[in-house]
Amino acid sequence: MAILVDTGTRLVVQGLTGSEGRFHGLRNRSHGTQVVAGVTPGKGGQDVEGIPVFDSVAGAVAETGANTAMIFVPAPFAADAMYEAIDAGIGTIVCITEGVPAHEMLRIHAFLRGRGVTLIGPNCPGALSPGRANVGIIPAEIFREGSVGLVSRSGTLTYQIGHELTQLGLGNSTIVGIGGDPVVGSSFVDVLARFEADPQTEQVVMVGEIGGDEEEKAAAFIESEMTKPVVAYIAGFTAPPGKTMGHAGAIISGSEGTAQAKKDALEARGIRVGTTPTETAELVLQLVSA
Amino acid sequence: MDLYEYQGKELFGRYGIPVSEGRLATSAQEARAAAAELGGTVVVKAQVLTGGRGKAGGIKLAETPEDAEAHAGEILGMDIRGHTVTKVWVETASDIEREYYLSLTFDRSAKQPLFMITTQGGVDIEEVAATSPDALVRLHVDPLEGCHPWHARRLVYGAGIEDPSEQKQVAAIVAKLYDTFTGSEAMLCEINPLIVTPDGEVRALDAKVTIDDNALFRHPDLAELRDVDAADPLEALAREKGVTYVRLDGDVGVLGNGAGLTMSTVDVVTFVGGRPADFCDLGGGGDAQGVVDALEVITRDPQVRSIYFNIFGGITRCDEVARGILQALEQMGIELPIVVRLDGTNAEEGRRLLGESGAANVHPEATMLDGARRAVELAAG
C-alpha cells in the first residue's frame, strides 16, 4: 500500500505533447506508472511514444479508463484543465503548473467540496510511491521504498530531506508535494489523514514553511487524530516579513505565518521539529530505531 | 504587488467607490500647483509602500498652495521605515465626523474572501481585534456564490451603523469593494478610514490594495503600475533578469534551486553562525545563463564576502549549474570564494567539470551542512 498514487493508478497527462509534459510523462512511465493517455485539444489521434492522445479528458477516460490526471498546461489554462478533469470523473488530479491565479484556486477549492475529488497542487512536484508509481516531477532515483510518509510544501527541499533519509538507510511509502501557493487542493491535514490510514506508513515527516496556518492546523490534527509519530521541519526562520520567498504562499504577513510560530505550535503538542534537514532525518531514524 | 494609496484610490474610483479629488506631485512646485488647482485646504500625503506615515510626519494639512509647497518640500526625500518618499498625493481635505474601517482580504486559512468592518476606524485594526473583538464584524463570502445584498446588510447592521443614508452608502461601498477585489484579483482591499463627513457623506480616505502577482498577466493595466524605482536596486535588477532574489543584510551570498531548499539554505547558514546576504532561487530550470545572471546580481552587493551554491538537481541539471559557474568566473572575473554543493541529476558530471577547471576560488563540499559551514568560514576571511 501507499497513498494517492499506486499500481492501480491509470494516468492521463493533460499537456502530454508539450516539452515538459512529454519529458515527465515518459519519465513517470519508465518508473512503472501506467500512463494510459494524453490530452491536447486538436491533437486527438496522435500518440507520444505509443501513448494515445485525445482531444478531451472525457474522451481519454471513456477509451482508457484513466482515473488520475496530471496537469502540465500553462498557468492561464490550468484552471480550465482542472475543471475539465473534475467534470470527466477523474478521482485524483495532480497539477504541476506554477503561477495559477489565487482567485481561480478559491473557486476551484469551493467547487471540489463534496465532489469527492482529490486535487494535489498546483505549483507542486506531485506524488511518488517508490517502486509503484510516480506522478509528477520528483526524481525517483533519490528515493527508496520504505515506511516513512513524507509530505511537503516544497519540491527540492523534499528531495533534500528524502536524500538525507536515504543516506540513513530509510525509505518512503509515498512522497507528496502539496504545493507552495496560498490555496492548494490538498492540505497537510488531508495528506496526514491518508498516511494515518495507510498500513505501509509507520512514521511521517512533514516539511512546512512560512506563510499561512496549515502547519498549525496540522499540529492540532496530529495531536488529536494520529497514532503514528510525526517529525516536522519548517523552512524560513530567517525570512523577513512582507517579502515573498519564492513561493507565492511563502510570505509572512503581519504577525502571522512565521516559522517560529509554527515550530512553537508543533512543539507545544509534542511534535519534534528538526533544526536542519540533516537533523530532521536523524529524528526520524531515532523513531525507527526506538 | 502592493499599490500606492493614489493607485488604490484610482482603482476604487474606477469601481465607483467615492474618494476625494487629488493630484500626484513629485516636487514641491508640483504640489503647490496641485493645491492651487484643487482650491481650499488640502492634505499632502507621502506615497510609500509602508504603514506609519502619519506618525512619521508624512501627512500634513495645508491651507494655502504655499503651505502645500513647504510641506511637500519637507516630506519628499523623507525616510519612512526605510522607504524614501519620492511622490506625494495632494488631496482636497475632508471634514471628518466619524471614522469606520472596512476591508476585504483573501483568507487563505478559510479559503474564502473575508469582509471585516468596524465603526472604530482610523486606528490599528489588529488592536481593535485584540481589545474589543465584538466591535469587529467578520463575514466570509463563498466565492461561488459571490457577494449579495444580504452580505452588505449583515455587515452594516452588525457594525451598528444606524443612519439610513449611511447604511445605504456603506452597503453600496461593500458591493463595490467586492467588485474591486474580484475584478482586479486582489489579495487585500482595505479602507482605513472610511469616513463620514458632517454632511453625512461616506468616502474612502485611504486605500491599501495588494494584487496577486500570479494574476497580473491578465491585468496589464495593473501590472504597469509596478514602481521599479521603489524596489531595492539589486531586486530591480534581478526582476529584470528574471532571477528570484530577496536582499538580506549579511555577507554570505546564498543560491539554491527551488524556494523551499533556498529558504532552508538561508536558515542553515544562519544556524551555523553566518549571516546570509540574500535569498536567490534559480528556480526549476536553472540553465547556465540563469546561473550567470544570478551571480551577476549577487556579486553587485558589496557586502558579499563568500557565495554558497546549494543545488539539489531534479529538473535542474548539476552539470548546467557547473557550466554557469565557470562561465560567470570567466566573464566576470569573480574573485570571491564560491562554495558549491551539488547533488541529484548529473551531480557527478557537475563536480567533474568544476574539479577539472582548476579554479582556485571554487570550493566543493559534499553536504548541505558542510557547505554552509565552509561558506561562513570563508566569509569571515
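Bear in mind these aren't lab numbers, they're just calculated from the coordinates by the rules spelled out. Quantities reported herein were computed from a predicted structural model and do not represent experimental measurements. Cβ atoms come from the backbone with ideal geometry, glycine included; neighbour counts cover every protein chain shown.
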Exercise. Relative to the Cα centre, what is the charge dipole magnitude of chain B, using +1 at the beta carbon of each Lys and Arg, -1 at the beta carbon of each Asp and Glu, and rounding to the nearest 20 debye?
Worked result: 560 debye
Exercise. Hey, what number do you get for chain A at 222 nm if only DSSP H runs of n ≥ 4 count, each worth -39500 (n - 2.57), divided across all residues, to the nearest 500?
Worked result: -10500 deg cm²/dmol
Exercise. Under the classification rounded if a/c is under 1.5, otherwise prolate if a/b is larger than b/c and oblate if not, where does the stretch B:29-108 fall, given a ≥ b ≥ c as square roots of the Cα gyration tensor eigenvalues?
Worked result: oblate
Seminar exercise, completed: Quick note on B:125, B:161, ordering by fewest other C-beta atoms within 10 Å, gives B:125, B:161
For this session: Per residue of B:367-377, count partner chain C-beta atoms within 10 Å of its C-beta, then hand back the mean as an integer.
Result: 2
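Which trypsin sites (Lys or Arg not before Pro) in the stretch B:1-64 pass both tests, a DSSP loop state and at most 14 other beta-carbon atoms within 10 Å? Write out the running numbers ahead of the final one.
Details: sites: B:9, B:14, B:23, B:32, B:45, B:53, B:55, B:60; in loops: B:53, B:55.
Counting only loop positions with at most 14 other Cβ atoms within 10 Å, the trypsin sites (Lys or Arg not before Pro) in the stretch B:1-64 are B:55.
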Seminar exercise, completed: Of the convex hull drawn through the C-alpha atoms of chain B, the volume per residue in Å³ is 162 Å³
For this session: Distance between Cα centroids, the stretch B:253-311 to the stretch A:150-202: provide it in whole Å.
Result: 25 Å
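Per the Kirkwood treatment, what hydrodynamic radius in Å, one decimal, follows for the stretch A:143-290 from the mean inverse distance over all distinct Cα pairs?
Working: mean 1/r = 0.0666 Å⁻¹.
Kirkwood hydrodynamic radius for the stretch A:143-290: 15.0 Å.
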Problem set entry | GluC sites (Glu not before Pro) restricted to DSSP loop in the stretch B:208-244 with at most 14 other C-beta within 10 Å | B:224
For this session: Taking the Cβ of residue B:193 as the centre, find all other residues whose Cβ is under 9 Å away and add up their charges (Lys, Arg: +1; Asp, Glu: -1).
Result: -1
Exercise. Per residue of A:163-173, how many C-beta atoms from partner chains lie within 10 Å of its own C-beta, taken as a mean?
Worked result: 1
Problem set entry | Label-point gap, in nm, between residue B:140 and residue B:349 - each point 7 angstrom along Cα→Cβ | 4.9 nm
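DSSP loop trypsin sites (Lys or Arg not before Pro) in the stretch B:106-145 with at most 12 other Cβ atoms within 10 Å of their Cβ, which ones?
Numbers: sites: B:108, B:111, B:138; in loops: B:108, B:111.
Counting only loop positions with at most 12 other Cβ atoms within 10 Å, none of the trypsin sites (Lys or Arg not before Pro) in the stretch B:106-145 qualifies.
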Problem set entry | Cα-derived Rg over Rh, computed across the protein assembly as shown with Rh taken as Kirkwood radius | 1.00
For this session: Work out Dmax and Rg for the stretch A:162-203 from the C-alpha atoms and quote the Rg first, both in angstrom.
Result: 12.2, 34
Exercise. Magnitude of the Cβ-charge dipole of the protein assembly as shown, K/R +1 and D/E -1, about the Cα centre, nearest 20 debye?
Worked result: 1260 debye
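What stretch of chain A, leaving out the sites themselves, is the longest with no trypsin sites (Lys or Arg not before Pro) in a DSSP loop having at most 12 other Cβ atoms within 10 Å?
Numbers: sites that count: A:113, A:115.
Value returned for the longest uninterrupted segment is A:116-290.
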Exercise. Each label point is 7 Å from the Cα along the Cα-to-Cβ direction; what then is the distance between the points at residue B:126 and residue B:81, in nm?
Worked result: 0.9 nm
Problem set entry | Net +/- balance of residues flanking residue B:303 in space, Cβ distance below 10 Å, scoring K and R +1, D and E -1 | -1
Exercise. Mind checking the dipole of the stretch A:143-290: about its Cα centre, +1 per Lys or Arg Cβ, -1 per Asp or Glu Cβ, Debye to the nearest 20?
Worked result: 200 debye
